[in-house]
Amino acid sequence: MGTARQYELTGQEWLKVASVFFWDNVVKERSYVIGGHSDGERFSPKENLSEALGPSTTETCNTYNMLKLTRHLFCWEPRAEYADYYERAIYNHILASQNRETGMMCYYVPLRSGSRKTYNDPLNSFWCCTGTGIENHAKYGDSIYFHNDTDLWVNLFIASELNWKSKGLKLRQETNYPEEGRSRLTLTCEKPVELGLNIRRPYWAVSGFDIKVNGQRVADSSDAGSYVTVSRTWKSGDRVEVTMPFSLRTEGFRDNRRRIAFMNGPLVLCAEVALGTNYPAIVAEPDRILTTIKPIAGKRSHFTCSPETFRTVGESRDEDVTLEPFYQMHGDRYYVVYWDVLTPGQWQGKEREYKAELARQKTLEARTVDEVSPGQVQNERDHNLQGENTGSGTFSNRRWRHATDGGWFSYEVKVLGGPASGGQELSVTYWGSDGGNRVFDILVEGTKLATQRLQNNRPGKFYDEAYAIPESLTEGKDKVTIKFQAHPGAWAGGIFGLRILKAEPE
């Protein structure tokens with residue numbers, strides 16, 4: 001934004017180059033399907049963007065500013081790809097970020113499967129994305145039209161009226177877009193006006209695009225992602241009708257073409273799912289996926305997906321998956337936007353992994369002496385949570401606890417202290433992508449069991465770390481205190497689970 005404005009004030013070419021370079025890299029290399037970008041307020045490497053699907057993707061402030069930058073760039077050079085990006089982001093991120101019933105807005109719009117949108121509240125959430133969020137939803141009339149002395153560009157299909165006073169021209173646009181792919185423009189002129197009317201043909205409008213002026217079809221040799229220019233002398237009552245049929249398609253990540261999202265015309269689609277369940281994957285050849293998806297009569301941009309193609313591991317589904325526009329997914333609803341496409345062989349492997357994990361969990365339950373659920377209030381109270389500089393939260397639908405700035409936290413847990421109790425272990429669950437200054441000691445009854453460092457130990461997955469507990473620390477006891485003590489200035493955790501286990505039989 002700064003270099004764009006400096007270029008406009010100084011004319012220094014390198015400032016323009018910097019602004020365009022930034023836009024190209026963000027939009028084309030590091031953006032998600034909804035037009036947003038960033039994961040946890042960081043740009044992710046384009047080489048593994050498909051893996052950057054944490055619970056904090058697409059901060060709305062980012063897209064707010066990218067839309068402002070896009071307006072600057074379009075004014076320098078009216079390119080259809082700028083307007084195409086603007087449309088993608090305004091419908092699928094900005095419009096999707098506000099709860100239509102309450103008016104409240106999102107800071108992040110997460111794209112991780114099983115996410116839901118979290119909104120601010122009127123009195124206690126003055127986030128940066130509240131300030132820009134209020135502006136976002138006051139700007140739907142912005143960037144619909146651009147003009148110079150001789151040409152007018154129609155970039156967005158939004159019901160509106162343009163009053164171009166110096167030309168003595170009014171243009172009224174009537175449309176139900178994006179509910180349907182058509183719009184009507186009616187002109188009112190104080191006197192006939194010679195003008196080039198440039199109407200955007202969206203990048204997705206690959207077939208059936210049509211323009212009529214006063215009922216007569218305009219000869220059109222344009223490509224999708226360009227403009228159709230109608231140059232003539234316009235008079236009051238002239239009417240332009242634009243038709244652009246929506247069509248269903250998929251978009252994959254550049255680094256992983258088999259992780260896809262669905263779009264219908266300009267709209268990203270998603271499906272509601274139940275929290276805590278396994279989420280469906282697609283088992284089909286990529287060129288046959290769309291043939292298994294059918295429109296729902298009477299519900300625009302809604303589709304049903306066959307359970308034979310959209311499969312859930314460990315389940316035999318009879319119900320269809322329903323796709324609907326992402327901007328309509330609001331409230332306390334969990335959803336999937338991105339889908340993995342698997343071969344039959346890969347699906348069988350996934351089923352085997354699931355069964356193996358069930359068996360592991362069953363064995364783990366049989367060995368469990370006691371279990372703590374970090375971040376769960378009643379469970380932590382039952383285990384006498386104590387601590388300083390400690391807090392909890394949610395990540396990937398799992399609760400965690402940590403301590404910051406040299407802090408600590410502890411629990412009282414049950415142990416087997418009898419003479420025949422045998423060996424026991426402390427098992428702690430971590431998120432393998434946690435890093436930074438996370439260095440802490442784990443103590444049992446005040447005795448240090450281990451020093452743990454979390455430095456991206458197992459990227460992208462949860463994992464369990466087991467620590468053998470000496471019998472001398474549990475002998476004659478039915479409870480012990482487990483303490484997580486951060487090193488000075490460092491963090492302890494986060495931990496996502498804690499168990500006391502009987503040692504595995506030899």
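Please treat every number below as a calculation from the coordinates, not as lab data. Because the structure is a prediction, the values reported are computed rather than measured. FYI the Cβ positions are ideal-geometry reconstructions off the backbone, even for glycines, and counts take in every protein chain you see.
For the range 180-189, putting each phi into the Karplus relation 6.51 cos²θ - 1.76 cosθ + 1.60 with θ = phi - 60° gives couplings of 8, x, 7, 8, 10, 10, 10, 9, 10, 10 Hz, in residue order, rounded to whole numbers and with x for Gly and Pro. Candidates THR57, GLY349, GLN455 compared by Cα position along the dipole of the chain: farthest toward the positive end lies THR57, with charges placed on Cβ. Comparing PHE209, GLY35, GLY196 along the charge dipole axis of the range 2-243, the residue lying farthest to the positive side is GLY196, per the Cβ-charge model.
When only alpha carbons of the range 2-243 are considered, Rg and Dmax amount to 19.5, 58 Å.
Relative contact order of the chain, taken over Cα pairs closer than 8 Å and 6 or more residues apart, is 11 percent.
Given in Å, the Rg to one decimal and the Dmax to the nearest whole number for the Cα atoms of the range 26-96 are 12.1, 36. Of the options (i) 1.05; (ii) 1.21; (iii) 0.98, only one is Cα Rg over 2.2 N^0.38 Å as computed from these coordinates, and that is (ii). The residues packed around THR132, meaning those with a beta-carbon under 12 Å from its beta-carbon, carry a net charge of 0 if Lys and Arg are +1 and Asp and Glu are -1. Ellipticity at 222 nm from helices only: DSSP H runs of n ≥ 4 in the chain, each -39500 (n - 2.57), divided by the residue count, give -6000 deg cm²/dmol. Packing around the peptides 293-302, 441-450, taken as the average count of other Cβ atoms within 10 Å per residue, puts them in this order, highest first: 441-450, 293-302.
Excluding THR175 itself, calculate the net charge of residues whose Cβ lies under 14 Å from the Cβ of THR175, where each Lys or Arg counts +1 and each Asp or Glu counts -1. Charge balance in the 14 Å sphere: 0.
Given +1 at the Cβ of Lys and Arg, -1 at the Cβ of Asp and Glu and no other charges, the dipole of the chain around its Cα centre is 1080 debye to the nearest 20.
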